[in-house]
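The structure under discussion appears below in the form of structure tokens.
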Amino acid sequence: MGLLTIGAFARASRLSPKALRLYDELGLLPPAHVDPATGYRFYDPAQLERARLVAWLRRIGMPLARIREVCGLEAAAAADEVRAYWAEVEADTAARRDLATFLIDHLTWKDAAEMPHSTPRTAPPLAIRYATLSDPGRVRETNQDAAYAGTRLLAVADGYGRRGAPASTAAIEALKALETEALPAGELLNVLQDAVRRAGQAVQDLDTAADSGTTLTAMLWTGSQLALVHIGDSRAYLLRDGELFQITHDHTLVQSMVDQGRLTPDEATSHPQRSLLLRALTSEAADASPPEPDLRLHDARPGDRYLLCSDGLSTVVPADDLLRVLSTTPDREQAVRDLVTLANQVGGPDNVTCVVADVVEPGL
Ligand code: MN
């Protein structure tokens, strides 16, 4: 069969000539022949399949550079690429869904605050009771983790690099202002963002080599809700109705590979690069774009129990064991001791830190 004009090829591929010209300019689908005198584009019917693939990939929102990559692959490899791309989209959407939920709540409060006669939105405030413990573990000489638990703030930070300990301490210290700062209704989101920015600045202000930094996972108590900020691979869990939910998503290379279906969760636990962080508060130059924390808001219920921990616990102690200790040990001080003991019993390869907090009726 001979070459097709752009109009005929457009009809055959169900794409517009405008789209075909764009794909040519982007290097996604160069015509088989361009008339040197007129500049007219001619296409080979064998190019139809690629044209349609490009159109479908555009339709799922794949960026052009990535489409170019996929088009250069064999079908099976291309399928893997599309699967990985879509897994990334879903992980990203989940993070943005949390933020959207938070924002809805934020705007709802704002409105309530401006209407003097509006009815109170919540029942009488609940309270939190907490315990925390940090331990160097059995292998490391120093403890680079830091933790804090107070009437409003729960936080765990896991420092890394030569100045990891000052980094995690600085991040926690910067957050402590939240214990006393006013929390105007409707300002929670901004207050948290400012606090994380201060923590990031505090880490940068340390005179550190560029290889240091810290994770930060913190919850701020408002009297009826817990606002979560999270960056790195420390974790927060919620024990509710006998079930344990991990409510943070690790910002690690291996987690992103699990999200993309390139690794199983089991393979991730033993992966040599499992601690490689994709996001953290780092001492690197300020011109690097500051990492965005994940933000979530949780309505508190009496009986809820939260666990915040560094990876020194979650990497070596299976979730079933966390669940067992948390659900059978009402005493919080005992619970944090038992959790640290579990990590040390399997070698205690890393610093291990946990905060356990219970949501209780006031007066309890
Ligand atoms: Mn660690």
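The values are calculated or read from the model by the stated rules, or taken from the named source; none is laboratory data. Since we're looking at a predicted model, the values are computed, not measured. Note: ideal-geometry Cβ built from the backbone for every residue, glycine included; neighbour counts use all protein chains shown.
Counting the residues of segment 171-206 that are free of Cβ contacts under 8 Å to residues at least 24 places away in the same chain and of a type in the set (Lys, Arg) gives 0. A single entry from Phe9, Phe42 fulfils the requirement of being touching a strand residue (DSSP E or B) at 6+ places or on another chain (Cβ under 6 Å), assigned to a helix (DSSP H, G or I) and not assigned by TED's automatic domain parsing to the domain that holds Val89: Phe9. For segment 132-184, the tally of residues that are outside any strand (DSSP E or B) and within 16 Å of the ligand (Cβ to nearest atom) stands at 20. Considering segment 222-268, the qualifying strands (runs of 3 or more DSSP E), each wholly inside and each with 1 or more residues that are within 16 Å of the ligand (Cβ to nearest atom) and not hydrophobic (A, V, I, L, M, F, W, C), run over 225-231, 235-240. Counting residues in segment 264-280 that are surrounded by 21 or more Cβ atoms within 10 Å (Cβ to Cβ), more than 13 Å from Gly232 (Cα to Cα) and touching a strand residue (DSSP E or B) at 6+ places or on another chain (Cβ under 8 Å) gives zero.
Counting only residues that are in contact with a strand residue (DSSP E or B) (Cβ under 7 Å, 6 or more places away or on another chain) and of a type in the set (Asp, Glu), which one in segment 311-350 is farthest from the ligand (Cβ to nearest atom)? Ranking the candidates gives Glu333 first. Summed over segment 124-138, the residues that are under 9 Å from Thr151 (Cβ atoms) and small (Gly, Ala, Ser) give a count of 1.
Selection of segment 351-361 for residues being touching a Lys or Arg at 6+ places or on another chain (Cβ under 6 Å) and either within 14 Å of the ligand (Cβ to nearest atom) or of a type in the set (Val, Ile, Thr) (or both) yields Asn351, Val356, Val360.
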